[in-house]
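Below is one structure, written out as structure tokens; comments come after it.
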Amino acid sequence: MKTEKNILTAFILNLSFSIFELIGGIFTNSISIISDAVHDFGDALSIGISLVLEKISKKKPNETYTYGYVRYSVLGALITTIVLTLGSIFVIIGGIDRILNPETINYDGMIIFAIFGVIINFLAAYFTREGDSLNQKAVNLHMLEDVLGWVVVLIGSILMKFTDISLIDSIMSIGIALFILINAFKNMKSILDLFLEKTPKNISVEEIKKHLLEIKGIIDVHHVHIWSIDGYNNYSTMHVVTDEKNIKELKNKIREEMNEHGICHTTIEIEDKDDICDEKECEIKVNNEIGHHHHHH
């Protein structure tokens, strides 16, 4: 619940602020403030989406969504990433245009806006710092970035007041946009990793196999699959060959071991050593079939 209230606060703050900022950017004729408004609007949008999806993602599993709705929050992160990418490209074009056709800027207005910007965003970051879903972390990161963005604008606007080099404004706006882009690409990568069912970064299948084989009674472990639903909840399935009679205790040991590796949900298929699994690994299966044909002749 706390997470949701935090995100809602952040949403309202960001949305109202990006509107206020857009007006400020037009009033002071500063493209870096406008670019920050795009950044803030992107954040507000993403927070709005993540708020709705966070609510959905809390729903319990059912027949259609057997894993529950957790992946919806990943979807939220995906939409946000796309929006921010488009926004920053738009800003970069604007910044380049401004370098080619310079305009006068109201530096004092910029300084005042930037001071406001730093304070408001700092408060927003402070209020949304707790929570542990991917969404919440993303939201908090946005907030901190906003603070940094404004600190940059503040320093830049003070510099411009004393040097009167209006180019600084365009350079800042392009800098902010590139910063958004780089982060968007990083996010995109981790989102794709989830959709492609890659083994989570901090987990090694080799190592897990090694540990499992050390458990008394386990002869072989194969078909180990490990994946993550949302970057936090990890699942695994495996086939275990054993001659152990007390299967229940064995399974508990395996689950304990998997929990230590950060895997919260493990499905175990038990086989005894005579029971040769017909899919040890897939290549072998193909060869077996060829083998069978020979028997028929």
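The table below gives the values:
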{"read-out": "Qualifying helices (runs of 4 or more DSSP H) (wholly inside the range 1-116; at least 2 residues being of a type in the set (Asp, Glu))", "value": "2-28, 31-57"}
{"read-out": "Matching residues, the range 167-187, being hydrophobic (A, V, I, L, M, F, W, C), within 23 Å of Ala114 (Cα to Cα) and out of contact with any Pro (no Cβ under 8 Å at 6 or more places or on another chain)", "value": "Ile168, Ile171, Met172, Ile174, Ile176, Ala177, Leu178, Phe179, Ile180, Leu181"}
{"read-out": "Residues of the range 240-260 satisfying the condition of being crowded, with 19+ Cβ neighbours inside 10 Å and either under 32 Å from the mean Cα position of the chain (by Cα) or touching a residue at least 40 places away in the same chain (Cβ under 8 Å) (or both)", "value": "Ile254, Met258"}
{"read-out": "Every pair of residues 6+ apart whose Cβ atoms lie under 6 Å, when the first sits in the range 140-153 and is aliphatic (A, V, I, L, M) and part of a helix (DSSP H, G or I) while the second is crowded, with 18+ Cβ neighbours inside 10 Å and modelled with pLDDT under 85", "value": "Met143/Ala124; Met143/Ala125; Met143/Thr128; Leu144/Ala125; Val147/Asn121; Val147/Ala125; Val153/Ser32"}
{"read-out": "Within the range 36-78, considering residues that are of a type in the set (S, T, N, Q) and under 15 Å from Asn14 (Cβ atoms), the one modelled with the highest pLDDT", "value": "Ser46"}
{"read-out": "Ala77 vs. criteria free of Cβ contacts under 8 Å to residues at least 60 places away in the same chain, under 20 Å from Phe179 (Cα atoms) and surrounded by 19 or more Cβ atoms within 10 Å (Cβ to Cβ)", "value": "no"}
{"read-out": "Residues being over 34 Å from the mean Cα position of the chain (by Cα) and loosely packed, with under 15 Cβ neighbours inside 10 Å - total across the range 81-111", "value": "6"}
{"read-out": "Boolean, Val241 is under 30 Å from Ser57 (Cβ atoms) and not assigned by TED's automatic domain parsing to the domain that holds Leu141", "value": "no"}
{"read-out": "Condition broken by Ala114, with the remaining ones in (1) over 25 Å from Asp169 (Cα atoms); (2) at pLDDT 80 or above satisfied", "value": "(1)"}
{"read-out": "Lys248 among the basic types (Lys, Arg) and either at pLDDT below 50 or assigned to a loop (DSSP other than H, G, I, E, B) (or both)", "value": "no"}
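Yes/no matrix, rows are residues, columns are (1) of a type in the set (Asp, Glu); (2) modelled with pLDDT under 85:
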{"site": "His142", "(1), (2)": "no, yes"}
{"site": "Gly149", "(1), (2)": "no, yes"}
{"site": "Leu159", "(1), (2)": "no, no"}
{"site": "Asp164", "(1), (2)": "yes, yes"}
{"site": "Asn187", "(1), (2)": "no, yes"}
{"site": "Glu197", "(1), (2)": "yes, yes"}
{"site": "Val221", "(1), (2)": "no, no"}
{"site": "Val224", "(1), (2)": "no, no"}
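The values are calculated or read from the model by the stated rules, or taken from the named source; none is laboratory data. No experiment lies behind these values; they were computed from the predicted model shown. Quick reminder, even Gly has a Cβ in these numbers, built from the backbone with ideal geometry, and neighbours come from all protein chains shown.
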